[in-house]
1. Within segment 43-56, which residues are over 18 Å from GLU24 (Cα atoms) and more than 11 Å from the chain's Cα centre (by Cα)?
2. Given the conditions (1) free of Cβ contacts under 8 Å to residues at least 24 places away in the same chain; (2) touching a helix residue (DSSP H, G or I) at 6+ places or on another chain (Cβ under 7 Å); (3) of a type in the set (S, T, N, Q), which single one is not true for SER63?
3. Can ALA34 be described as without any contact (Cβ under 8 Å) to a residue 60 or more places away in the chain and crowded, with 19+ Cβ neighbours inside 10 Å?
4. For segment 6-30, what are the residues that are free of Cβ contacts under 8 Å to residues at least 12 places away in the same chain and over 20 Å from GLN75 (Cβ atoms)?
Amino acid sequence: MVSKANVAGLISSKVVQLLRKEREQQGMSMNVLAQRSGLAQSTISRIEHELRIPNLETLLRMSMVLEVDLGRVIQQAKAGTGPAKRG
């Protein structure tokens, strides 16, 4: 049986993957995302390479810059689908 902690980790990882995919689809560099979100480029890199687990504020900053609804991204991560624009 899969633990709730493992499920949460999988969803968190998928959220990061979806945000990265959205960033890449927009043609936005990590540096631009970092500048616009007020985060360090190294932080974005570590998050995207799953070397750092982002907190809620960091995810919100990233999603706001990318203009995606974080709640929808989380739902899609749970369902295993792609990113959703704010609607």
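Bear in mind that the values in this text are calculations on the coordinates, not laboratory data. None of the values given here were measured: they were computed from a predicted structure. Backbone-built Cβ (ideal geometry, glycine too); neighbour counts: all protein chains shown.
1. The answer is LEU51, ARG52.
2. Among (1) free of Cβ contacts under 8 Å to residues at least 24 places away in the same chain; (2) touching a helix residue (DSSP H, G or I) at 6+ places or on another chain (Cβ under 7 Å); (3) of a type in the set (S, T, N, Q), the lone unmet condition for SER63 is (1).
3. Considered against the rule, which asks whether it is without any contact (Cβ under 8 Å) to a residue 60 or more places away in the chain and crowded, with 19+ Cβ neighbours inside 10 Å, ALA34 comes out as yes.
4. Selection gives GLU24, GLY27, SER29.
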